[in-house]
Amino acid sequence: MFYQYSKGVIRYIWCGSRPTIGVFQVHGQVHITSWVVISILLAAPTNDINTTVALALLRLVAYFYEGLTKNGLGYFGKYIQPTPILLPINILEDFTKPLSLSFRLFGNILADELVVFVLVSLVPLAVPIPVMLLGLFTSGIQALIFATLAAAYIGESMEGHH
């Protein structure tokens, strides 16, 4: 039953929400993989910095793709607004967004994993179970935050500069 439910949820996320800006797709990717892997192996995939950086770089590619698709080459005009002196800062801003997304997700999930590990090693199995459930809730919140910020950044890239 769980297999059928998870298969239906994954199919909806991958196929059913394609026209959206990516909130449900990213949220589902991070949240479902965290749930499945935590419940099976007791380790979240976003516990590895490489996974979170890869997810953030995919969002960076989507950010530039949507901006260029919507605004054409005029998209790059936003880098010299309001003055060309700010060009390096505007470029740096676009590349620090995925870094902040990946570090935020990685840090929060790693902190949860470490707390659970310490509790499991110090006390019997019954005590860490509520913390593990809280970790599942926290991973869902972190996935939602990651997806919402990624969608906001992509939406920002589709706006025209003033």
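The values are calculated or read from the model by the stated rules, or taken from the named source; none is laboratory data. Just so you know, these numbers come straight off a predicted model, no measurement behind them. In this analysis, Cβ positions are derived from the backbone assuming ideal geometry, glycine residues included, and neighbour counts consider all displayed protein chains. Heavy atoms of the whole protein, side chains included, go into the accessibility calculation; ligands, DNA and RNA do not. Shrake-Rupley method; radii C 1.70, N 1.55, O 1.52, S 1.80 Å.
A few notes on this one:
- Kirkwood-based Rg to Rh ratio, the range 73-133, C-alpha trace: 1.43
- A Förster radius of 22 Å combined with the Cβ-Cβ distance from Leu133 to Ser100 puts the calculated FRET efficiency at roughly 0.20.
- Pairwise label distance in nanometres, Thr69 with Asn90, each label 7 Å out on the Cα-Cβ vector: 2.3
- Applied to the range 87-104, the Karplus parametrisation 6.51 cos²θ - 1.76 cosθ + 1.60 on θ = phi - 60° returns per-residue 3J(HN,Hα) values of 3, x, 5, 5, 5, 4, 4, 5, 8, 8, 4, x, 5, 5, 4, 5, 5, 5 Hz, with x for Gly and Pro.
- Over the C-alpha atoms of the range 47-160, the Rg to Rh ratio, Rh being the Kirkwood estimate, stands at 1.17.
- The figure for Val115 is an accessible area of roughly 70 square angstrom, using a 1.4 Å probe on the protein chains alone.
- Taking the accessible area of the range 47-160, probe 1.4 Å, and keeping the other protein chains in place, the carbon and sulfur fraction comes to 77%.
- Phi to ³J(HN,Hα) by Karplus 6.51 cos²θ - 1.76 cosθ + 1.60 over the range 153-159, Hz, x for Gly, Pro: 5, 5, x, 5, 6, 7, 6
- Across the range 47-160, C-alpha contacts under 8 Å between residues 6 or more apart give a mean separation that, scaled by the residue count, equals a relative contact order of 43 percent.
- Other-chain or far-sequence residues with amide H under 5 Å of Ala43's (modelled H): Ile38
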